[in-house]
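First comes the structure, then the notes that go with it.
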Amino acid sequence: MLRGGSAEAQADLVSELEGSGADDAKLGEELFGVATLLRAEPALRRIATDASIEADAKAGLAADVLGDAVGEVALGLVTSAVKRRWTAPRDLADVLEHLGVLASVRSAGDDGSKISGELFEVRQTIDEAEGLRSALSDPSRSAVDKAALLRGLFESRLLPATMLLVEQAVSGTHGAIDGALESYQHTAAHAAGEKIATVHTARELSDGERSRLSDALGAQYDSAIHLQVVVDPEVVGGLRVQIGDDVIDGTVASKLEDAQRRLVG
């Protein structure tokens, strides 16, 4: 969670991105590259976020380092970013990555609303495949190798924007790939004006059940709702729904646990 100057900087930079009208697919890749560079070079990151250094000097350094490696819009966002005050040096790279995710989602146009669901399907596939999970968590394999593995498995099934985010997720910036994919999911849903509701159920829901649940939650939260349904055999009847920090637990298992606590108490 960003605080203070970093939160203000992110809000301003998101507004700049939205007004850029850039080639968003290329822009997303460029911003991911700059974020990776900053994380790999602590000295550069410290200089870029040092409030005691003149803003124009930091912008000039960014332009010299990046040169022709990024386009005009990406360079403009980076130089704008280094001129701002940051609560913690690591926040600069995190925000540039966030801008990259937003740019990638925008590059999908009207299909951007599909990205969150596709990322969820990738997460489920990885979770259910022990061999794949092991390969992606193997520290001896490079991020490039892991990205190639994921590209071979998913490229034909995903939007180009989703595939770009899946490859970015193995860069290690979020620790485990699942954490990165979940973060990107929420960013993609927010960009589409939706909230994510994770639903745990003992069985698959019919289209009608999904529609009714989505409508009910949408009315309660005054927002479009994107459902991601997890079939969980440990759920004994009913549903467990999580939206952000809110949990709605109507499962039989939960009611039994509550009854047991009351008896013990």
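Laid out as a table, the results:
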quantity: C-alpha long axis of helix 207-221 to longest principal axis of the chain, angle in °; calculated: 60
quantity: Estimated Rh, the stretch 110-190: Kirkwood, alpha-carbon pairs, angstrom; calculated: 12.5
quantity: Mean projected area in nm² (Cα convex hull; one quarter of hull surface) for the stretch 4-107; calculated: 5.6
quantity: The chain: calculated mean residue ellipticity at 222 nm from DSSP helix runs of at least 4, using -39500 (n - 2.57); calculated: -20000 deg cm²/dmol
quantity: Bins of 5 Å, starting at 0 and running to the largest distance - Cα pair percent for the chain; calculated: 1, 6, 11, 14, 16, 14, 13, 10, 7, 4, 3, 1, 1, 0
quantity: Computed over the chain: relative contact order in percent, which uses C-alpha pairs under 8 Å that are six or more apart; calculated: 16
quantity: Footprinting exposure proxy for Glu97, Glu167, Glu234, Glu121 (fewest neighbouring C-beta atoms within 10 Å first); calculated: Glu234, Glu121, Glu167, Glu97
quantity: Summed residue charge, Cβ within 14 Å of Ala147's Cβ, Lys/Arg positive, Asp/Glu negative; calculated: -2
quantity: Highest-first arrangement of 16-23, 100-107, 155-162, where packing means the average Cβ count within 10 Å; calculated: 100-107, 155-162, 16-23
quantity: For Glu30, Glu182, order by how many other beta-carbon atoms lie within 10 Å, fewest first; calculated: Glu182, Glu30
quantity: Spatial separation of Cα centroids for the stretch 70-102 and the stretch 143-179, in angstrom; calculated: 22
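Read-outs throughout are calculated quantities, based only on the coordinates presented, and are distinct from any laboratory measurement. Everything quoted here is computed from the prediction, not taken from an experiment. All Cβ positions, even for glycine, are placed from backbone atoms using ideal geometry, and neighbour counts span all protein chains on display.
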